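First comes the structure, then the notes that go with it.
The values are calculated or read from the model by the stated rules, or taken from the named source; none is laboratory data. Because the structure is a prediction, the values reported are computed rather than measured. Here the Cβ is made from the backbone with ideal geometry for all residues, glycine too, and neighbour counts use every protein chain on show. Each accessible area value is taken on the protein alone, full model and side chains, heavy atoms only, with ligands, DNA and RNA left out. Shrake-Rupley method; radii C 1.70, N 1.55, O 1.52, S 1.80 Å.
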Amino acid sequence: MHKSLLQAAHGLIAIGARMDARGWVPASSGNLSARLDDQRMAITRSGVHKGRLTEADIIEVDFDGVPRRTADKPSAETLLHCQLYRHFPAVGAVLHGHSVAATALSMVTHEESLILQDYEILKAFPGITTHQTVASVPVFDNDQDIARLADVIAPSLEAAPIGYILRGHGVYAWGPDIERCFWRLEALEFLISCECERRLMR
């Protein structure tokens, strides 16, 4: 948990640059947030490039998605971040990117989840201690009505310890702090890329 908006901003700025370097947040896509306390979070302003963030691009929002300053415009998907902070008190950060792999793979599969099995890197996620496991990543149809999308996602949150994918859109991952959230996003993106490569090799 971050003690100040400025402290959270510095962490999100650094992670935004790392995500940009990997091609996960092209143009103004993606959104990044960090918990400030049990009622507030820091989140990226709408319409900014995540690889070129400044302190002014990180704003304070409550868990109803209302910015502290009325002139601030948070990300369009702020309610999805709010949902995760409310549902999981231990979550300290949420990262959302638009990688090529996640976007493309979710468009060519009609399954409701991506099944990951026997990958060593699954041990990067909480509660997984062996590669001999099966993990399910829910895939939801994209929706411009974010409140309605949040309602669709809600029943599956407990079954999504790794993260989830929005079809044709990208990945959501969460963790106890910004750094470890990035590790989980990185691991999930690696697994999605592996699945893409496996399908090409068949």
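Across the chain, the convex hull enclosing all Cα atoms gives 110 Å³ per residue. With the dipole of region 147-200 worked out from charges on the C-beta (+1 for Lys and Arg, -1 for Asp and Glu) around the Cα centre, which of A147, F182, G163 lies farthest toward the positive end? Ranked along the dipole, the leading option is A147.
Every Cα-Cα pair in region 1-86 was counted, and those over 22 Å apart are 16% of them.
Working note: Cα gyration tensor of region 80-174, eigenvalues times five, square-rooted, sorted largest first, giving semi-axes of 21, 18, 11 Å. Taking T129, T78, T70 in turn, the Gaussian network model of the chain (Cα-Cα springs below 10 Å) assigns the largest fluctuation to T70. Region 1-73 and region 177-202 have their alpha-carbon centroids 22 Å apart. Counting only protein heavy atoms, what percent of the accessible surface of the chain is carbon or sulfur at a 1.4 Å probe? Answer for the chain: carbon and sulfur cover 54 percent of the accessible area. Estimated from helical segments only, the mean residue ellipticity of the chain at 222 nm is -11000 deg cm²/dmol, where each DSSP H run of four or more residues counts as -39500 (n - 2.57). Averaged over its residues, the chain has an accessible area of 48 Å² per residue, based on protein heavy atoms and a 1.4 Å probe.
In this Cβ point-charge picture (+1 for Lys and Arg, -1 for Asp and Glu), region 63-144 has a dipole of about 460 debye about its Cα centre.
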